[in-house]
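The values are calculated or read from the model by the stated rules, or taken from the named source; none is laboratory data. Since the structure is predicted, the reported quantities are computational estimates derived from the model, not experimental observations. Glycine also receives a Cβ, built like all others from the backbone with ideal geometry; neighbour counts cover every protein chain displayed. In case anyone asks, the SASA skips ligands and DNA or RNA and just uses the protein heavy atoms, side chains included. Shrake-Rupley method; radii C 1.70, N 1.55, O 1.52, S 1.80 Å.
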Amino acid sequence: YINPVIAKVAFPVFAKQNRDKAQMAESLLQLQRSLSHLNAPLIVGLCLVAPLLIPLVYGQKWQSSVPLVQLLCALGLVGGVSGPTQLVRTALGHVRFNFHWTWITGIAYGLVMWAAASSGLMGIVLARTLLGFVLGVAMIAITLRFLETSFLRFLRTLRIPALGSILMAGSGYGVFHLPVPMPDVARLMVAIVAGAVTYIGISAWLDREFLERSLRLLLGLKSKGKVAPVVPPAEDVREP
């Protein structure tokens with residue numbers, strides 16, 4: 001739900017920058033950094049609280065789906081940062097590459113899931129997740145190569161959201177194992193609050209300037225810093 005909304009604004013920006021790969025790479029990395037601050041805590045949080053959340057929302061009969069949800073969260077993390085790369089490739093004119101990538105990977109998914117079908121639903125989801133993770137990382141690496149920038153630079157961009165998510169998961173895990181009797185709903189709410197406070201605190205401490213600039217941009221306010229915003233104001237964005 002988050003990525004398609006961002007894409008509507010991001011694609012015209014990438015199309016406008018397609019003659020300057022360095023600027024385009026910087027815009028992509030900053031966009032992925034912003035998306036990671038949104039997606040990473042949500043997906044990692046879902047993975048953590050799934051054992052309590054799913055039975056409470058859907059009933060105990062869905063308890064067996066918890067491991068499947070947790071596996072798919074790994075795929076969601078990759079999808080959260082690889083999604084904008086298709087916009088970049090399209091803006092650069094690699095439409096044919098996108099087309100062939102789509103049908104080839106579609107066949108690959110079908111074959112892998114068919115081969116894993118004899119192992120049951122868990123085997124199918126595990127195969128789907130592993131292949132999706134590999135293909136997602138490959139898609140990111142290929143796009144960065146088109147932009148003549150490094151994968152290491154991409155990883156450095158995500159280090160703060162990753163650290164915040166890990167510490168958030170640690171705080172939530174600690175709440176789950178508190179030796180204090182409490183209803184599942186209360187334990188779930190306490191874990192969510194503890195995780196949210198941890199993530200927001202870490203992000204505000206380590207990435208405050210970036211988050212402030214992003215928030216001001218979202219609210220339509222002028223940026224205080226000298227660094228240009230990732231996405232220009234609406235009046236400067238024109239459809240290609």
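Among the residues of the stretch 159-172, count how many are open to solvent by less than 30 Å² (accessible area, probe 1.4 Å) and farther than 17 Å from VAL49 by Cα.
Qualifying residue count for the region: 2.
Within the bounds of the stretch 105-118, is there any residue that is within 21 Å of ARG159 (Cβ to Cβ) and open to solvent by less than 80 Å² (accessible area, probe 1.4 Å)?
The answer is no, given that none of the residues of the stretch 105-118 is within 21 Å of ARG159 (Cβ to Cβ) and open to solvent by less than 80 Å² (accessible area, probe 1.4 Å).
Looking at the stretch 173-201 only, could you name the residues that are open to solvent by less than 30 Å² (accessible area, probe 1.4 Å) and either hydroxyl-bearing (Ser, Thr, Tyr) or under 20 Å from the mean Cα position of the chain (by Cα) (or both)?
If the condition is that a residue be open to solvent by less than 30 Å² (accessible area, probe 1.4 Å) and either hydroxyl-bearing (Ser, Thr, Tyr) or under 20 Å from the mean Cα position of the chain (by Cα) (or both), then GLY195, TYR199 are the ones that fit.
Name, by its number, the condition in (1) open to solvent by 30 Å² or more (accessible area, probe 1.4 Å); (2) at pLDDT 90 or above that does not hold for ASN18.
(2)
Need a quick list: helices (runs of 4 or more DSSP H) entirely within the stretch 124-206 having at least 2 residues that are closer than 30 Å to LEU111 by Cβ.
Helices (runs of 4 or more DSSP H) meeting the threshold: 151-157.
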